[in-house]
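The values are calculated or read from the model by the stated rules, or taken from the named source; none is laboratory data. In this text, all values refer to a predicted model and were calculated from it rather than measured experimentally. Cβ: placed from backbone, ideal geometry, glycine included. Neighbour counts: every protein chain shown.
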Amino acid sequence: MKLSPYEAAKKILLSEADIANFIGPQSSELLERVEDALNLKIIGSYREFLLTFGAGFFSGVKILGIPGDDFGNPSLLNGVSYTLTLRKEVGLPCNLLVIYNPGNGELFCLDFHQIKDDEPEIVSFMPEVGMGLQYDAIADSFGEFLYEIVCDEF
């Protein structure tokens, strides 16, 4: 049986413990609190990632998520706090959830207005250029996005 992109990425991450450092599983109850704070229903492979890994690093790549119960406080891995802050400070649209910031001004986000097969699309968003609120589609799902960047690093 062929693995989904998310399951394939997960398998690689779990087998590379020496260069993968994740917070760890987060509870469904915590995820519900996060959904309330963001006013979004988190679905698909990103939901699975949060329940399995929470947030973390691998080979220098930082995937934002839920770093623990205190998701309202800023931290390097806190995608919730970061998203809420960017909504206030730069007008990040409420349908976007930041999952990756490579540090070059570009943000990679789940777009909850673009859902296919129960998966939000991954888009690139540049806050400085965001006046027209145009996004560039990057991947059909978080699983595809994660698999691509995991394979690029290993």
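Restricting to region 99-145, and then to whatever is modelled with pLDDT under 95 and hydroxyl-bearing (Ser, Thr, Tyr), can you tell me which residue is nearest to residue 82 (Cα to Cα)?
Within region 99-145, the match that is nearest to residue 82 (Cα to Cα) is 124.
Looking only at residues that are over 20 Å from residue 67 (Cβ atoms) and in contact (Cβ under 8 Å) with a residue 60 or more places away in the chain in region 10-45, which one is farthest from the chain's Cα centre (by Cα)?
16
Filter region 52-83 down to the residues that are part of a helix (DSSP H, G or I) and surrounded by 22 or more Cβ atoms within 10 Å (Cβ to Cβ) and list them by number. Break it down into steps so the answer makes sense when it comes.
So the first thing to find is which residues in region 52-83 are part of a helix (DSSP H, G or I), and the list is 52, 79-83.
Across region 52-83, the qualifying residues are 79, 80, 83.
Residue-wise test of (1) surrounded by fewer than 22 Cβ atoms within 10 Å (Cβ to Cβ); (2) assigned to a loop (DSSP other than H, G, I, E, B); (3) touching a Cys at 6+ places or on another chain (Cβ under 9 Å).
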site	(1), (2), (3)
114	yes, no, no
121	yes, no, no
124	yes, no, yes
145	no, no, no
150	no, no, no
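Within region 84-95, does at least one residue satisfy the condition of being outside any loop (DSSP other than H, G, I, E, B) and among the small types (Gly, Ala, Ser)?
Step one: filter region 84-95 for residues outside any loop (DSSP other than H, G, I, E, B), giving 84-90.
When the remaining residues are screened for being among the small types (Gly, Ala, Ser), the result is none.
No, there is no match, as no residue in region 84-95 is outside any loop (DSSP other than H, G, I, E, B) and among the small types (Gly, Ala, Ser).
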